[in-house]
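The next block holds one structure in the form of C-alpha cells; read it before the comments.
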Amino acid sequence: MKKIFKTFMAAVAFASVTTSADAQLFLTGNFGMSNTSGENEVLNKSSKTDSHNVFHFGVEAGYYFSDNMAFGLEIRYNHDKVKNAADKKKWTADNGCEFNPYFRYDFIASEKVNFGVKAKGIFGFGKEKDQDNDHTKNSEIGFGFFPVLNYKFNSKWGAGVEFGSLYYLHTTDKPASGDAYKNTTNRWSTNISLESLRFSVVYTF
C-alpha cells in the first residue's frame, strides 16, 4: 500500500509541473452511520433484537490535468458491528479498508456541472472478529466503472454523487491464524439501485 501511495504522489507532482495553469487539485469527503434495534413480540412476550451499528467514511484526492480528465485515489473505511441483545458483552464486527486509484473522464464539463465516469482499481482488506478472537481475514482486488456527477456552488465548494456501478471483484477469505482453509470468490456485478448512491462534499484548490 505504501508503494501505491508513493506512486500516486509522484504522479501528482509530475502532473503539476507538466500541465497547464488550469489544472486543479480537489479533495472529497463523505461519511455515514446507522443504528438498528427493536423488539420481537410472541405470545404477548417481548424480547429485544440484536443491535446493528454501521459506520463508514471515505476521503478522496484528485487532480484535473485537463478540463475533463483527472486521476486520483480514494481511501474508504467501513465498520459493521452487531451486539447480542441477551448479552451485550457479546458482539461480532467486520472492519474493512479500501485503496482505489482511478482515472476520471467527464463527458460534460461546464462551469457548474461535471458528469462522467470513473475507471477504478479496487484493493481492499479487512477482518471479522468477536469479543474474544479474530476469526477471518479477507482481501479483495478488482476494477470497475462508476458514473459520477459534481455540482459547483462556487469556485471552491461543491457537491458530488457517485451512482451505479459495473465491476469485477476477486475476494479471498481465510482464518486470522493458520491456513486451515481459504475461500475465493469471483464476481461480476452491476448496480443501478438507489442504495448505490454515495454523496460527498468537494473542495477545489
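The values are calculated or read from the model by the stated rules, or taken from the named source; none is laboratory data. It should be emphasised that the depicted structure is a prediction, and the values quoted were computed from it without experimental measurement. Quick reminder, even Gly has a Cβ in these numbers, built from the backbone with ideal geometry, and neighbours come from all protein chains shown. Just so you know, the surface numbers come from the protein's heavy atoms only, side chains and all, with ligands and any DNA or RNA stripped out. Shrake-Rupley method; radii C 1.70, N 1.55, O 1.52, S 1.80 Å.
Data for the structure
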item: Set 127, 118, 182, 152: member being over 19 Å from residue 31 (Cα atoms), open to solvent by 80 Å² or more (accessible area, probe 1.4 Å) and either basic (Lys, Arg) or at pLDDT 90 or above (or both); result: 182
item: Subset of region 155-179 (residues that are acidic (Asp, Glu) and surrounded by fewer than 11 Cβ atoms within 10 Å (Cβ to Cβ)); result: 179
item: Matching strands (runs of 3 or more DSSP E) fully within region 59-165 where at least 1 residues are closer than 30 Å to residue 49 by Cβ and either under 13 Å from the mean Cα position of the chain (by Cα) or touching a residue at least 12 places away in the same chain (Cβ under 8 Å) (or both); result: 69-83, 91-109, 113-130, 134-152
item: Search result, residues across region 141-155 that are farther than 13 Å from residue 200 by Cα and touching a strand residue (DSSP E or B) at 6+ places or on another chain (Cβ under 9 Å); result: 141, 142, 143, 144, 145, 146, 147, 153, 155
item: Sole residue being within 21 Å of residue 198 (Cα to Cα) and open to solvent by less than 40 Å² (accessible area, probe 1.4 Å), chosen from 70, 93, 109, 85; result: 70
item: Any hit, region 40-62, residues being under 22 Å from residue 111 (Cα atoms), modelled with pLDDT under 75 and out of contact with any helix residue (DSSP H, G or I) (no Cβ under 8 Å at 6 or more places or on another chain); result: no
